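Note sheet for the following structure.
The values are calculated or read from the model by the stated rules, or taken from the named source; none is laboratory data. Values in this document were obtained by computation on a predicted structure and should not be read as measured data. Note that each Cβ is placed from the backbone with ideal geometry, even for glycine, and that neighbours are counted across all protein chains shown. What goes into the accessible areas is simple: the full protein's heavy atoms, side chains included, and nothing from ligands, DNA or RNA. Shrake-Rupley method; radii C 1.70, N 1.55, O 1.52, S 1.80 Å.
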Amino acid sequence: MSRLFTFGCSYTRYSYATWADLIGVNYDEFYNFGRGGSSNTYIMNKFIEADTMFNFTPEDTVIVMLTGIGRFSYYNRTKTWVTNGDLFEYHHNTQDPIIKEFVTNMYSEDWAIYSAWVAANTMKTILTSKNVKHKFLMAIDNRNYKRTDGCKWRETDLITQVNKTNEIYNLLDVKETLDEWMIRKKFKHKEYTLWLNNNQVDKHPTPKMHSLFAKEYLREFYTDKSDKFLEETESNFVNSSQRDQGHRYDVTYCHLNKVNNYPFF
């Protein structure tokens, strides 16, 4: 029995079919643990939980799409994961006084890089030690964490942090991030999804873009069945709002993603 496990942020699981869903239809069992706004620490936590529950084997396929290094996720008192994306961006947009206190007195880019480095290395080490067929990719363009002009950290920290960022990139099987790939492809504004309820263009890759990306970098997992699934989901697509589309997609295709049957996660 073939099993596929995928991990990442909204570039892995979204309101419509992503690269993960398009290749997931080719497996007997498919578990998509992606979640919007998640950090690399969250991705690692879900990875550890999945391995604990399902025990990855050499017969399985695991694909990890790392996300933004500056993202921060935490498990709150109501036993709910909070995944609000990049912490500095979230603080800038909300001016949440609690987050301000945390960013000012506790958080740092050094910690962000270190946490991402630990997460990436942990997952890679486990997969390699268990001889699991896997692939590491990256969703978000994190090149700004590789700057060497010394303006992002104290001089004594510069080499250490840049080296850690480089080590994360060295773990990737695909060096070009999905963000960078979209820029290289020069997609036109009109090719992205427009949500009619707020007249807002969604800058997430569309299902068609996910398909093209998967054909270029995940070709060994992509089949004619993937194309047929893309056509089917596109025929059922609604752009009245992201919520409407997400609901329709979940209701119609929830049976394909086995994660929906495991409330533990």
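With the condition kept exactly as written, say whether any residue in the stretch 240-251 is open to solvent by less than 60 Å² (accessible area, probe 1.4 Å), outside any helix (DSSP H, G or I), touching a helix residue (DSSP H, G or I) at 6+ places or on another chain (Cβ under 9 Å) and over 26 Å from Thr67 (Cα atoms). There is no residue in the stretch 240-251 that is open to solvent by less than 60 Å² (accessible area, probe 1.4 Å), outside any helix (DSSP H, G or I), touching a helix residue (DSSP H, G or I) at 6+ places or on another chain (Cβ under 9 Å) and over 26 Å from Thr67 (Cα atoms). Can you name the residue in the stretch 150-202 that is at pLDDT 95 or above, in contact with an Asp or Glu (Cβ under 7 Å, 6 or more places away or on another chain) and of a type outside the set (A, V, I, L, M, F, W, C) and is also least open to solvent (accessible area, probe 1.4 Å) among such residues? This residue is Thr177. Would you please name the residue that is surrounded by the fewest Cβ atoms within 10 Å (Cβ to Cβ), looking only at residues in the stretch 91-121 that are of a type in the set (S, T, N, Q) and more than 25 Å from Phe47 (Cα to Cα)? If we take residues in the stretch 91-121 being of a type in the set (S, T, N, Q) and more than 25 Å from Phe47 (Cα to Cα), then Asn105 is surrounded by the fewest Cβ atoms within 10 Å (Cβ to Cβ). Taken over the stretch 125-148, the residue count meeting the criterion of being part of a loop (DSSP other than H, G, I, E, B), open to solvent by 70 Å² or more (accessible area, probe 1.4 Å) and either at pLDDT 95 or above or out of contact with any helix residue (DSSP H, G or I) (no Cβ under 9 Å at 6 or more places or on another chain) (or both) is 1. Within this structure, Ile113 passes the test of being in a helix (DSSP H, G or I), in contact with a Lys or Arg (Cβ under 6 Å, 6 or more places away or on another chain) and not charged (D, E, K, R).
Every test in (1) open to solvent by less than 40 Å² (accessible area, probe 1.4 Å); (2) in a helix (DSSP H, G or I) is passed by Pro205 save one, and that test is (2).
Hey, does the stretch 208-226 have a residue that's surrounded by fewer than 17 Cβ atoms within 10 Å (Cβ to Cβ) and in a loop (DSSP other than H, G, I, E, B)? Yes, that holds for at least one residue.
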